[in-house]
Amino acid sequence: FKGRGFIQLTGRANYQKHGAAIGVGDQLIQNPDLANDPNIAAQLLASFLKDKQTLIKEALLSNDLKQARKLVNGGSHGLDRFTDAYTIGDRLIA
């Protein structure tokens with residue numbers, strides 16, 4: 001179960017968990033490419049972030065951008081771009 005959709009959802013367990021959460025049951029297990037449908041991809045993104053919302057907020061409030069990034073993608077790939085984007089966004093809404 002390779003990365004698909006806006007969040008690049010990976011792993012059978014995530015496809016099952018978030019597919020059920022957005023109301024498509026096991027359709028993502030049966031047809032993983034459904035995760036690339038824009039409407040489903042948007043719902044999966046929201047479900048994934050909602051599931052990790054508290055941990056992500058805690059990391060951001062502690063200014064631990066590396067941990068926030070890890071919670072989303074499992075590692076620190078793209079940390080520099082994420083940090084730049086977060087800093088710009090933070091300045092714009094402050």
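The values are calculated or read from the model by the stated rules, or taken from the named source; none is laboratory data. Keep in mind that what you see is a predicted model, and the values were worked out from it rather than measured. Neighbour counts run over all protein chains shown; Cβ positions are idealised from the backbone, glycine included. The area values use the complete protein model at the heavy-atom level, side chains included, leaving out ligands, DNA and RNA. Shrake-Rupley method; radii C 1.70, N 1.55, O 1.52, S 1.80 Å.
The table below lists the values:
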{"quantity": "For the chain, the Rg and Dmax computed from alpha carbons only, in angstrom", "calculated": "14.4, 45"}
{"quantity": "Accessible surface of the chain, 1.4 Å probe, proportion on carbon and sulfur as whole %", "calculated": "52 percent"}
{"quantity": "Unit charges on C-beta of K, R, D, E only; dipole of the chain, Debye", "calculated": "160 debye"}
{"quantity": "By average C-beta atoms within 10 angstrom, highest first, the peptides 69-78, 42-51", "calculated": "42-51, 69-78"}
{"quantity": "With DNA, RNA and ligands ignored, accessible area of D84 (1.4 Å probe; Å², nearest 10)", "calculated": "100 Å²"}
{"quantity": "For the chain, with +1 on Lys and Arg beta carbons and -1 on Asp and Glu, the positive-most of N14, Q30, L44 along the dipole", "calculated": "N14"}
{"quantity": "Structure-based [θ]222 nm, the chain - -39500 (n - 2.57) summed over DSSP H runs of at least 4, per residue, nearest 500", "calculated": "-19000 deg cm²/dmol"}
{"quantity": "Relative contact order computed over the chain (Cα-Cα under 8 Å; 6+ residues apart), in percent", "calculated": "20 percent"}
{"quantity": "Net length gained if the chain between S62 and A94 were fully extended (0.36 nm per residue, minus Cα distance)", "calculated": "9.8 nm"}
{"quantity": "The stretch 1-56: relative contact order in percent, alpha carbon pairs under 8 Å with at least 6 residues between", "calculated": "37 percent"}
